[in-house]
Amino acid sequence: MPDDRPFWQTKTLEAMTPTEWESLCDRCGKCCLVKLEDEDTGQIFLTDIGCKLFDAGACACSNYPARRKKVRDCIKLTPMSVRAIGWLPRTCGYRLVAEGRPLEAWHPLISGSSDTVHEAGISVRGRTNGSEKTVKLEDYPLHIVDWEDGTPEPM
């Protein structure tokens, strides 16, 4: 008897094809924001500063295939890293699947539309305030945001 459930409910992260893996990303853009770490406590703070390759209008990396060559601290998400990275938002498709939780209704795999993540106010589209190219390093702390789970509040 065939299992009619979608792949993310039947496969482990490790068993997914590259196409299936990439489709788990909801394109919220939160991974592309600069994060600051308190050296004493290890606490991670989210900023509204996009990485130097982040296209704020498209809410996506402007050079995804070469991102790790051009941005030395760009983190490649893998099944192992998804389970270890504490700053991934609770709404992240990778994290949800890793934790055995369902994808959100606005996730493109559920809604069938890549726009629903933006319509639901989950993405950072239109909410960044500069990039690594335009904001001085010493000003980064001024850009710390208090978006619960990295989710921007509507403007």
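When restricted to residues that are touching a helix residue (DSSP H, G or I) at 6+ places or on another chain (Cβ under 8 Å) and basic (Lys, Arg), the range 54-84 contains 2.
With respect to the conditions (1) farther than 25 Å from residue 6 by Cα; (2) without any contact (Cβ under 8 Å) to a residue 12 or more places away in the chain, residue 141 falls short on a single one, namely (2). Residue by residue through the range 118-144, note down the ones that are farther than 14 Å from residue 57 by Cα and either within 15 Å of the chain's Cα centre (by Cα) or not in a helix (DSSP H, G or I) (or both). Correct list: 120, 121, 122, 132, 133, 134, 135, 136, 144.
Residue-by-condition table, conditions (1) polar (S, T, N, Q); (2) part of a helix (DSSP H, G or I); (3) surrounded by 16 or more Cβ atoms within 10 Å (Cβ to Cβ):
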{"position": "22", "(1), (2), (3)": "no, yes, no"}
{"position": "87", "(1), (2), (3)": "no, no, yes"}
{"position": "90", "(1), (2), (3)": "no, no, no"}
{"position": "97", "(1), (2), (3)": "no, yes, yes"}
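Any residue at all in the range 75-82 that is assigned to a helix (DSSP H, G or I), in contact (Cβ under 8 Å) with a residue 12 or more places away in the chain, aliphatic (A, V, I, L, M) and in contact with a Cys (Cβ under 6 Å, 6 or more places away or on another chain)? So far as the range 75-82 goes, no, none of its residues is assigned to a helix (DSSP H, G or I), in contact (Cβ under 8 Å) with a residue 12 or more places away in the chain, aliphatic (A, V, I, L, M) and in contact with a Cys (Cβ under 6 Å, 6 or more places away or on another chain).
In the range 40-74, the qualifying residues are those that are over 15 Å from the mean Cα position of the chain (by Cα) and touching a residue at least 60 places away in the same chain (Cβ under 8 Å), and the one that is surrounded by the fewest Cβ atoms within 10 Å (Cβ to Cβ) is 57.
Restricting attention to the range 103-117, the residues that are assigned to a loop (DSSP other than H, G, I, E, B) and either in contact (Cβ under 8 Å) with a residue 24 or more places away in the chain or under 16 Å from the mean Cα position of the chain (by Cα) (or both) add up to 6.
Since every read-out is calculated from the coordinates, none of them should be taken as a lab result. Predicted model, so just to flag it, every value in this text is computed and none were measured. In this analysis, Cβ positions are derived from the backbone assuming ideal geometry, glycine residues included, and neighbour counts consider all displayed protein chains.
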